[in-house]
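**Student:** I'd like to ask you about the structure that follows.
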Amino acid sequence: MPMDVPDKAHVLATLTGYLIEMFELQADAITPQARLFDDLGLDSIDAVDLVVRLQDYTGRKIPASEFKTVRTVGDVVDQVHALLSGQH
Amino acid sequence: MLRGLGLIRLTVDGRATLSACHGQLVVANHPTLLDVVMLMALLPNAQCVVKHQLWANRFLGPVVRAAGYISNDLDAEALLQACRATLAAGNNLIIFPEGTRSVPGQPIKLHRGFANIALLAPADLLVLRIGCDPVTLVKGSPWWQVPPRRANFRIVVSELLPIAPFLAVGPRAIGARRLASHLQAYWGRYGD
């Protein structure tokens, strides 16, 4: 249903909330440019947890292959937004 | 052998604790190349998680394979299973949370793989502190560069750290961060 697809700002806000809650990150560190591994200190196991959480949020399965190319917070927002808009 | 040759001197605080270990997860800082060798000698039935690059190493590859060590590039589930199985079998599992030897003078940085293993196993951690003076066989100095005087190694069995409080904080990701920063602060206090 395209009618209630959240916009990217909304996706970013949701993702920011997850990152703070799951990994105790500081809100001001979470910018679209922030790199998940280098800047925010996530590791591969954290990434799996995050994907699981995002699957709950989007209601869609996120293939690991698609998440491989993700580097920054902004990349995650784009992926999730694309999923929600049914572009994948 | 190195000790026999008088090249190094080794002091161990808590040798009896080490030799009594059974199915124990052991974590240590990793200042030198000899850490593994010495711990192997002190711990019965020692198993080790080693960086996967060593599998491809011409000299050490056959050794780590023959010893049945656990490679750190197994996928997360397989690695956890391997660690659980070896602890359950009564082996003592050594992990160096720094992942690779520390660089003298630099603050140490821990990977959280060990913390995730400890939380998911779940297993209490026997914490060791390894010191070496003067520094030898450290990262960034060639192995043939012999120290000016005999190297004194000191291994201290610091504490048996219960995993329960870190499990109690809730999500595993948070518990792993708390555990890593606890040990980072501990080893950091003794860093040079």
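The values are calculated or read from the model by the stated rules, or taken from the named source; none is laboratory data. Just so you know, these numbers come straight off a predicted model, no measurement behind them. Using ideal geometry, Cβ is built from the backbone for each residue, glycine included, and neighbour counts are taken over all protein chains shown.
**Student:** Condition first: surrounded by fewer than 21 Cβ atoms within 10 Å (Cβ to Cβ) and among the aliphatic types (A, V, I, L, M). Now tell me which residues in the range B:13-33 satisfy that.
**Tutor:** Once the filter is applied, which keeps residues that are surrounded by fewer than 21 Cβ atoms within 10 Å (Cβ to Cβ) and among the aliphatic types (A, V, I, L, M), the range B:13-33 yields B:16, B:20, B:33.
**Student:** Select from the range B:58-72 the residues that are modelled with pLDDT under 70, surrounded by 11 or more Cβ atoms within 10 Å (Cβ to Cβ) and part of a loop (DSSP other than H, G, I, E, B) and list them in ascending order.
**Tutor:** B:67, B:68
**Student:** Just a yes or no: is a residue in the range B:154-169 within 14 Å of another protein chain (Cβ to nearest Cβ), of a type in the set (A, V, I, L, M) and touching a residue at least 40 places away in the same chain (Cβ under 8 Å)?
**Tutor:** no
**Student:** For the range B:142-188: of the residues being among the basic types (Lys, Arg) and closer than 18 Å to residue B:111 by Cα, which is modelled with the lowest pLDDT?
**Tutor:** Here the residue is B:172.
**Student:** Take the conditions within 14 Å of chain B (Cβ to nearest Cβ) and farther than 18 Å from residue B:116 by Cα and apply them to residue A:82. Does it pass?
**Tutor:** Here the answer is no, as residue A:82 does not meet what is asked.
**Student:** In the set A:4, A:43, A:75, which member is under 25 Å from residue B:72 (Cα atoms) and either within 14 Å of chain B (Cβ to nearest Cβ) or surrounded by fewer than 17 Cβ atoms within 10 Å (Cβ to Cβ) (or both)?
**Tutor:** A:43
**Student:** Can I ask one more? Tally up the residues in the range A:14-40 that are of a type in the set (A, V, I, L, M, F, W, C), in contact with a Pro (Cβ under 9 Å, 6 or more places away or on another chain) and away from chain B (no Cβ under 14 Å), please.
**Tutor:** 0
**Student:** Now a separate question. For the condition in contact with a helix residue (DSSP H, G or I) (Cβ under 6 Å, 6 or more places away or on another chain), within 27 Å of residue B:98 (Cα to Cα) and modelled with pLDDT of 90 or more, what is the one hit in A:67, A:23?
**Tutor:** A:23
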